[in-house]
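The values are calculated or read from the model by the stated rules, or taken from the named source; none is laboratory data. This is a predicted model, so every value here is computed, not measured. FYI the Cβ positions are ideal-geometry reconstructions off the backbone, even for glycines, and counts take in every protein chain you see.
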Amino acid sequence: MKKVAKTEAEWRQQLSPEAFAVCRQQSTERPFSGAYYTNQQPGRYHCICCDAALFDTATQFDAGCGWPSYYAPVSEDAIVSKDDFSHGMQRTEVLCARCDAHLGHVFPDGPPPTGLRYCINSVALRLQPRDE
């Protein structure tokens, strides 16, 4: 996979102020405010920055946390994770493997089959609806 690299100015021009803050500056959207928190439309979620496929609605579940949650990405190489020690806590940050956009965090309290909860900011995603 070819990495996408842009300058800060290029990202600012491409993204909304909120998407830039979340994806490029590791901010977080307010809980229960994102467009995809209660999405029921089938499809695949792509990175808002580089359009890489990241999550499928088939793995989305209601975790009650205020952000869209998934138990698995579309593939193991779609995302990367790294330790995050910000805000006085230890978490695992989730990034787009193609462009390093901050997506959210992953926690070990999700449902089977993975037991993981990928807690992702809606503003970092774009839904590609599935043709029915």
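Here is how the numbers come out for the structure above:
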read-out: Single condition ARG12 does not satisfy, out of (1) surrounded by fewer than 17 Cβ atoms within 10 Å (Cβ to Cβ); (2) touching a Phe, Trp or Tyr at 6+ places or on another chain (Cβ under 8 Å); (3) under 20 Å from LEU127 (Cα atoms); value: (3)
read-out: Test: residue in region 56-64 that is under 20 Å from THR114 (Cβ atoms) and touching a Leu at 6+ places or on another chain (Cβ under 7 Å); value: no
read-out: Any hit, region 34-49, residues being within 13 Å of CYS99 (Cα to Cα), exposed (fewer than 15 other Cβ atoms within 10 Å of the Cβ) and among the β-branched types (Val, Ile, Thr); value: no
read-out: Check on ARG91, surrounded by 12 or more Cβ atoms within 10 Å (Cβ to Cβ) and more than 21 Å from PRO129 (Cα to Cα); value: yes
read-out: Positions within region 1-46 being charged (D, E, K, R), in contact (Cβ under 8 Å) with a residue 24 or more places away in the chain and not in a loop (DSSP other than H, G, I, E, B), in sequence order; value: GLU18, ARG24, ARG44
read-out: Residue list for region 58-99, filter: without any contact (Cβ under 8 Å) to a residue 12 or more places away in the chain, assigned to a helix (DSSP H, G or I) and under 18 Å from PRO31 (Cβ atoms); value: HIS87
read-out: Some residue of region 66-73 being over 26 Å from SER16 (Cα atoms) and either buried (at least 19 other Cβ atoms within 10 Å of the Cβ) or modelled with pLDDT of 95 or more (or both); value: yes
